[in-house]
1. What order do you get for 17-24, 152-159 when each peptide is scored by the mean count of other beta carbon atoms within 10 Å, highest first?
2. Just subtract the alpha-carbon distance of residue 4 and residue 84 from 0.36 nm times their residue separation and send over the number in nm, one decimal.
3. Using a Debye calculation, one point per C-alpha and no hydration shell, please list log10 I(q)/I(0) for region 1-56 at q = 0.13, 0.16, 0.20, 0.24 Å⁻¹ in order.
4. Counting other beta carbons within 10 Å of each residue's own, what order do 95, 166, 82 fall into, fewest first?
5. What value in Å³ per residue do you get for the convex hull of the alpha-carbon atoms in region 57-110?
6. In terms of modelled amide H atoms, which long-range or inter-chain residues lie less than 5 Å from the amide H of residue 110?
7. Can you tally the net charge around residue 66? Count Lys and Arg as +1, Asp and Glu as -1, for every other residue whose Cβ sits under 9 Å from the Cβ of residue 66.
8. Taking amide H positions as placed 1.01 Å from N in the peptide plane, with prolines and chain starts having none, which residues 5 or more places from residue 137, or on another chain, fall under 5 Å of its amide H?
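Where a number appears in this text, it was derived from the coordinates with a stated rule and is not lab data. From a predicted model like this one, the values you see are computed outputs, not experimental measurements. Virtual Cβ from ideal backbone geometry, glycine too; neighbours counted across all protein chains shown.
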Amino acid sequence: MSLSHHHIRTTVNAYLARHTHEREQLGVLLDALDRTGEDIANRSTFTGHVTCSSIVVDQLGRVLHVLHLASGKVLAPGGHTEPTDDSLAAVALRELHEETGIPPRAVTAWPGYETVPLDIDIHDIDAHPGKGEPGHQHFDLRFLFRLHTSTEVPVVLQEDEVVGIEWRPVDRVTSPTLREKLLKLPLQVEPETANASALIHNFTDRPASPHVTRSDPLLHCPVRINQPPQLSSEHRKNQRGGTSGA
């Protein structure tokens, strides 16, 4: 069963209570919520539907991004809802796990943002005639999480969708609204036991693309901790030409 309109509306209203000036720019989402008989949690609703993203921050204040195979864009982990999801925040956590292998136990909801997204973004999605999908819009609710520094987990990429990950400083987050909100938060904290990013390794043993070597440990040496993996100039060019992602 899809997430209810009531749950989505309650979440959106809680967000707007903090960001009243965004009501006009979220008008398309509010209109969709006002339409009866339209399931905006369903990915087949092409007047526009909800997606959720995980904004995962390490203790150095860097934000986790994934390189999507199909688009070549660098975005926060995220995606569509599923009938088994019991909340919008749960969608974001599930997508984080599916795309990167990072389990929910490895992150904690940011205090004050347990059920309220940090940001909501509406962006256009191109048509995919081969899939029978017309152009439509995503209503992307972005939930904020802190990566534990004491939890060691492997990065296991969703190979059919994701070919690499990158920890970006906040000033390189591409979404202006998300970047603005992140810059207002105290993102850097003292590590609990070790650098969280340093405890995440990529254990796969073959390259996913000519540009991303997946057999290398990711940010595992202290001397490399401030040198997150760099994507190719070709991928950066594609990303700059894309739509508003995280």
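1. 152-159, 17-24
2. This chain segment gains 27.6 nm when fully extended.
3. At q = 0.13, 0.16, 0.20, 0.24 Å⁻¹ the computed log10 ratios are -0.33, -0.51, -0.78, -1.07.
4. Placing the least packed residue first, the sequence is 82, 166, 95.
5. Numbers: hull volume 5.0 nm³, N = 54.
Dividing the Cα hull volume of region 57-110 by its residues yields 93 Å³.
6. 144, 145, 146
7. Working: positive: none; negative: 99, 161, 166.
Summing Lys/Arg as +1 and Asp/Glu as -1 gives -3.
8. Distant-sequence amide H within range of residue 137: 48, 49, 125.
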